[in-house]
Amino acid sequence: MTENDQDCLLHHAGDVPVKQGSVVPDSKPLKTSFTGIKSSNEREDGLKPAPRHVRGEISPYQPRPPLIPRLSSKSGSVEETARSRRLRNSQESLSDPAETGSSTDSLREDQPITAPSGCVLDTAASTVRCNQSSIVRPTSAAASTGSPVFRDRGSSLSDYERRPHSQHSDPTDHWERSSKVRLSPVQPTGPLPALEKSFVSATLRPANRIDRDCLDYAVLTRAKLGERLHRNLSDSRLLDNMGSDNTSVNSMRSTYSVLSPIRPQDVRNRSFLEGSVMGSGALLGAEELDRYFPDRRVGIYITTWNMQGEKGLPTNLDDLLLPTDSEFAQDFYIIGVQEGCPDRREWEVRLQETLGPYFVMLYAASHGVLYLTMFVRRDLIWFCSEVEHATVTTRIISQIKTKGAVGVAFTFFGTSFLFITSHFTSGDAKVYERILDYNKIVEALALPKGLPDTNPYRSTPSDVTTRFDQVFWFGDFNFRLSKDRADVETLLNRTVGGNMGPLLEHDQLSREMKDGSIFRGFQEAQIHFFPTYKFDIGCDIYDTTSKQRTPSYTDRILFRNRQADDIKVVKYTSCSNIKTSDHRPVVGVFQVKLRPGRDNIPLGAGQFDRGLYLEGIRRRITRELKRREAMKNQSSSTICSVS
């Protein structure tokens, strides 16, 4: 190295010349003292090349110290600025796409890199040697784009670098600046759209809508501070790739199953026949009840119909069980029949075919031609106890089973139910005989048998209706209107807006209930439909035979509860579209209050008539195929040809 080169060596942090052979200790940090901050004009003057006598020779380029960045309003002091510059080397690899200043460079061998115009870049010493002027210049860290000081300013170009190319005096600086392309950050033109709270796909939302138990997991997630609870999924790796949003977790779980996962501790504590008697965690407890019935009310559909023993059944029972004016199907369907058709099994299959695969027959009982059939939604069958039934005949000869009653009892969660269908003595003037029938039934109906009484303190041994929480009694009670037929027809013609009050003033049952001689403690919804007895078969005309029977309200639905307002009447009407009998069916829809129970009752264990279920579904499929075939034939027959 020549003497010129020795004089031109400058220290990286200042203007102090370093002689050849001198060593700067690594342990002592380099300090930079700033006596003041020059104005922009002074800095530009300092950047211009000035002639300098170096032992009689003039060098066109003058070495300069690193540029002092313009302090931003966010920077606290000069020391903080210098500190951020010293930290550049450790952060350079995160923002430098070329990785020229990575901290891993110390592990590599010093390899000089040839630069344009004959300059050599020494990566180990961070200096640039130019053969033209024999100048060793340090590469300034201020020129990099990764410095947080320059990011705060919003621009990484100094005043010198913003000048036109014609005013640049140092080609080395020009090569150094052009080695990196600096792009200004792209800012959004407007506010970003707000993210929806639920960003799951639309196809999974219906699964969540019917998956009520997802609410339980939201509560548990908040209680356990985000602990992962869905460990029963078949592929746990899917959870690792998901975000932390609860909506996606619930949606993914719904795609596999809409059933609630069961904890091992619950499996240990539960017995599905007779198990834990604790209220919390019980199968019939409050948690399970609130999951299926948040308002704690169950929908019950009751219909009673005197079929008159006809062999021919209606071609379609949809109007009887699934009327078009109902928005939703109910949870229980209770069908009571008097003088039923000879083929009881065929009647039950027709009921199953009408209700479809959503319902299963929980129980069916009969007493002669009295049929009582119960259907329940198939996902609620696990909360029903064993079903018990009993019968009572009101005939003097017990072998004749045309008059009497059949009762069915069971417990649903913690609420006990009793359903009774009966057929009382007929005749316009036989009111006393009908009262005797009632008294015999309430005393002789032996229920419950094995089911525990939910409230034994309010039970009476002589009245079966006092031993249950909710009681429904329906059937052909045969009570008539104590009025001549001509007078009844006159009142019917004057009826406006379904006001049947003038007719009910002559109703025998209403009068006896007010006197307390029958159906003590029972209620009946207001009647707004025409009398259901007696019609000519196949039409809406009352009896035109020689007997000229008086139209009457013989078919009724009554209810009784232990707690006031437990039963809410939704609908009470007759079905005028079923005309195969001289009676019109009567329909009642109710919302019944439920209470949680304990696992101390014998559960039905999900038993139902599987053979009836399969036969009903098979008939539905056959009926649908025939309908489609008929529509296909009808569409093809509409094509005509012109000769």
Test result for D487, in a helix (DSSP H, G or I) and of a type in the set (D, E, K, R): yes
Residue check, E489 within 27 Å of T415 (Cβ to Cβ) and not aliphatic (A, V, I, L, M): no
Residue check, G497 within 20 Å of P531 (Cβ to Cβ) and part of a loop (DSSP other than H, G, I, E, B): yes
Selection status of G356, farther than 27 Å from T580 by Cα, in contact with a Gly (Cβ under 9 Å, 6 or more places away or on another chain), modelled with pLDDT under 95 and not hydroxyl-bearing (S, T, Y): no
G414, sole failed condition from (1) touching a residue at least 12 places away in the same chain (Cβ under 8 Å); (2) more than 30 Å from P294 (Cα to Cα): (2)
Among the residues listed as S641, S576, S636, the single one being modelled with pLDDT under 95, in a loop (DSSP other than H, G, I, E, B), over 30 Å from F477 (Cβ atoms) and not acidic (D, E): S641
Residues satisfying the stated conditions in segment 425-465, i.e. part of a loop (DSSP other than H, G, I, E, B), free of Cβ contacts under 8 Å to residues at least 12 places away in the same chain and over 21 Å from M513 (Cβ atoms): S459, P461
Test: E512 is within 30 Å of Q563 (Cβ to Cβ), in contact with a strand residue (DSSP E or B) (Cβ under 8 Å, 6 or more places away or on another chain) and either open to solvent by 20 Å² or more (accessible area, probe 1.4 Å) or aromatic (F, W, Y) (or both): no
Scan of segment 579-599 for residues that are open to solvent by 20 Å² or more (accessible area, probe 1.4 Å), part of a loop (DSSP other than H, G, I, E, B) and either free of Cβ contacts under 8 Å to residues at least 24 places away in the same chain or not β-branched (V, I, T) (or both), ordered by number: K579, R595, P596, R598
Residue match in segment 401-410 (condition: assigned to a loop (DSSP other than H, G, I, E, B), open to solvent by 40 Å² or more (accessible area, probe 1.4 Å) and free of Cβ contacts under 8 Å to residues at least 40 places away in the same chain): yes
Wholly within segment 308-389, strands (runs of 3 or more DSSP E) carrying at least 1 residues that are touching a Leu at 6+ places or on another chain (Cβ under 8 Å) and open to solvent by 30 Å² or more (accessible area, probe 1.4 Å): 359-367
Test result for T550, surrounded by 12 or more Cβ atoms within 10 Å (Cβ to Cβ), over 24 Å from D565 (Cβ atoms), in contact with a helix residue (DSSP H, G or I) (Cβ under 9 Å, 6 or more places away or on another chain) and β-branched (V, I, T): yes
Of all residues making up segment 528-557, the number that are outside any loop (DSSP other than H, G, I, E, B) and either in contact with a Gly (Cβ under 8 Å, 6 or more places away or on another chain) or closer than 19 Å to E505 by Cβ (or both): 5
Subset tally (residues that are more than 18 Å from L372 (Cα to Cα), in contact (Cβ under 8 Å) with a residue 60 or more places away in the chain and either open to solvent by 50 Å² or more (accessible area, probe 1.4 Å) or touching a Lys or Arg at 6+ places or on another chain (Cβ under 7 Å) (or both)) for segment 467-483: 4
For D290: the one exception among (1) touching a residue at least 40 places away in the same chain (Cβ under 8 Å); (2) more than 21 Å from V589 (Cβ to Cβ); (3) within 34 Å of the chain's Cα centre (by Cα): (1)
Tabulated pairs, segment 506-522, first at positive phi, second crowded, with 16+ Cβ neighbours inside 10 Å, C-beta under 6 angstrom, 6+ apart or interchain: F519/M513; F519/L558; G521/R560
In segment 276-294, the residues that are part of a loop (DSSP other than H, G, I, E, B) and either surrounded by 16 or more Cβ atoms within 10 Å (Cβ to Cβ) or modelled with pLDDT of 95 or more (or both): S276, G281, A282, L283, L284, G285, F293
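The values are calculated or read from the model by the stated rules, or taken from the named source; none is laboratory data. In this text, all values refer to a predicted model and were calculated from it rather than measured experimentally. Please note: Cβ atoms are built from the backbone with ideal geometry, for glycine as well, and neighbour counts cover all protein chains shown. Side chains are part of the model used for accessible areas, which takes the heavy atoms of the whole protein and leaves out ligands, DNA and RNA. Shrake-Rupley method; radii C 1.70, N 1.55, O 1.52, S 1.80 Å.
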